[in-house]
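We did not get these values from a lab; they are worked out from the coordinates using the rules stated. Computed from a prediction, not measured in an experiment: that's the story for all the values here. Quick reminder, even Gly has a Cβ in these numbers, built from the backbone with ideal geometry, and neighbours come from all protein chains shown.
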Amino acid sequence: MSETLQAIRGMNDILPADAERWQEFDDIVRDWLRAYAYRPIRLPLVEPTPLFARAIGAATDIVEKEMYSFTDSLNGEQLTLRPEGTAGCVRAALQHNLLYDGPKRLSYQGPMFRHERPQKGRYRQFHQVGVEALGFAGPDIDAEQIIMCRRLWDDLGLEDIRLEINSLGQPDERSRHRADLQAYLEASADLLDADARRRLQANPLRILDSKNPAMQELIEAAPKLIDYLGEASLAHFAGVQTLLKDAGLSYRINPRLVRGLDYYNLTVFEWVSDRLGSQGTVCAGGRYDGLFAQLGGKPQPACGFALGIERLLALCEEQGQLATASVAPEVYVAHQGEQAARFAFRVAEALRDANVSVQLHCGGGSFKAQMKRADASGATLAAIIGDDEAAAEEVSIKPLRDEAQGQRRVALEQLTAAVGELLFD
């Protein structure tokens, strides 16, 4: 007997009970995005590998170690399962000239792929909601995106999510900081771990984001990027802070917040919870004004962020939110007999025409067995049909949750009214 196949490690099935929670989450997110005038865009799961090397940065962990890349066997093209969504969204905006008539607010949702060591809150296939504002230059859009996150936490009923912000300035400011940071770290090279030594020349800013306890004292004393920011960068950062304060939103400036993607500039932010262990970041983003030019287009300002759906749902579960019961049909149609089986299809469709959710019994079995199934389904009513009812084009309706209501028999043309009375009155 052949071995039973299993899902790929880190790529998880979402079974019905959990999938229904995902659907409830999706409904909340859809209304939230609409409230801020973000329009949906749907992007491919597979993109050209050079897109991510150019956008994210060839020296990042994502490109170096985590991408699922392969060669197309038909044409030899280098392809990658998307590890994040912003690069693809900007690629689509350039390819289809989406900004020809002005700035755009766009959103997308779906799976991303990174070859990481699976652990709670970090999977090889994970899901994100992405929010991108393309063509907006001022600090107001940065602040609006941060504030809209707080509204989502309120909509989900979540607490204890704190905001951390920083400014990465502009490329020339980062370049001066980078030179001083490299010199500082090289002077203490014996204190660096293997990852830090690997990043020292290619991407030293990422060393500041290390969680290695042995390096924290060294990192804390390192040159701080904010001390290298010019007047315009500081004014932009001050503008964001003013709007956050006006909104009554608390935050902490974290000078070590650098993000893992090379395309960011100016504002960066993370929403973090202590309730999820080491994977505490549930939302992160910032401004990426240089990405359009990096991908070959005309320079455009842009700002965006991504929500980790698995992490947010874990936080909802930990705080007792979105704990909805399984979605049950309103009516379970039980039937026995050849004529009854054919009539049952008509009955089920008539109820669905009236926007009643129906589970039609399939697979045969006695009325006793079918009524057990009806009760287990969670349905409010059972529609019972034997050949006798079918011959008369009538249906017996039995309430399953209220014993005080008796069973009654009605003609097919009166069925939807009778069911509506029992369900909604």
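Structure notes:
- Structure note, pairs Lys65/Lys224; Lys372/Lys398; Lys120/Lys211: Cα-Cα distances above 24 angstrom occur for Lys65/Lys224.
- When His335, His96, His127, His177 are arranged by Cβ crowding within 10 Å, least crowded first, meaning fewest neighbours, the order is His96, His127, His177, His335.
- Taking the number of Cβ atoms within 10 Å of each Cβ as an exposure proxy, the fewest-first ranking of Met11, Met215 is Met11, Met215.
- Taking Tyr228, Tyr263, Tyr100 and counting other C-beta atoms within 10 Å, the order from fewest to most: Tyr100, Tyr228, Tyr263
- Phi to ³J(HN,Hα) by Karplus 6.51 cos²θ - 1.76 cosθ + 1.60 over the range 210-227, Hz, x for Gly, Pro: 5, 9, 5, x, 5, 9, 5, 5, 4, 5, 4, 8, 5, x, 9, 4, 4, 6
- If you plug the beta carbon distance of Ala354 and Ile8 into 1/(1 + (r/R0)^6) with R0 = 56 Å, you get a FRET efficiency near 0.80.
- Model label sites at Leu412 and Gln119, defined 7 Å from Cα along the beta-carbon direction, differ in position by 6.2 nm.
- If only the Cβ of Lys and Arg carry +1 and only the Cβ of Asp and Glu carry -1, the dipole of the chain around its Cα centre is close to 900 debye.
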